[in-house]
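Trainee: Let me begin by handing over the structure; questions about it come next.
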Amino acid sequence: MQLTHSPRGFTLMELGVVIAITAILSAAFLPDFLEAARTRMTERAVEDVALIHDAATFFYVKQLDPVWPAQAGASCSPAADPLQTLFAGGYYGRSAPTNPWARPYVASLEQLPGTVDGCLFKVSTLIPDQLTGYFSGRVKQGGCDRSICGTTPAALNTPALTAGFTHCCAFAARPSTGVVAGCLPPRKLVYAAGQLRCQ
């Protein structure tokens, strides 16, 4: 009598062991992968802000009378949307830029009291609440605090956008000085009594 070995698949026990090992490895490494993805998304947001600042700075230095995009003379009230001005002039490639979480970037001009040329170029966006510290630590002048950013721009201030997100911002310095109106570290820009100040 000859025994024949018929080919067969894996047993239920073998499949169970493979699935258990895969689940254990996934549980061990998945948080690291998710954290790396969130960190990368925040890095992209910081890079986007830096690119917008670079475009605004390039716009500033190319003008005969240096002004920020959409700035109307000495006034810090923009005559138009600064980001649209950058896009229309070919300084920035996206007309309606959004961050990695599909929240828009909003550019504005802020007045720094007590300065001759006190307009600062500010970019605001919304960052997930758990990543605000990471964003704040990566931008040169700015952060994710109401004392730094002031009031949330109307374009960002809707319940659908703000749920689980915090208003973050970054300021660009006048190119001639390289610093925000003399506000050198460890001093920082803060809003106090409705005005932007260096403390």
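Trainee: Given the Cα-Cα distance of residue 54 and residue 15 and 0.36 nm per residue of separation, how much length would full extension add, in nm?
Mentor: Numbers: separation 39, 0.36 × 39 = 14.04 nm, distance 5.53 nm.
Contour length minus Cα-Cα distance gives 8.5 nm.
Trainee: Under 1.5 on a/c is rounded, so check that first for segment 65-143, then, if it is not, pick prolate when a/b is larger than b/c and oblate when it is not; a ≥ b ≥ c are the square roots of the alpha carbon gyration tensor eigenvalues. Walk me through the numbers on the way to the answer.
Mentor: Values: a/c = 2.68, a/b = 1.34, b/c = 2.00.
Oblate shape, in that a/c is at least 1.5 and b/c is the bigger or equal ratio.
Trainee: Right, here's the next one. Provide the gained length on full extension for the span residue 157 to residue 40, in nm with one decimal, where the gain is 0.36 nm per separating residue minus the Cα-Cα distance.
Mentor: So the extension gain works out to 39.6 nm.
The numbers here are math on the coordinates, done by the rules we state, and not lab data. This one's a predicted model, so the numbers in the text were calculated from it and none came from an experiment.
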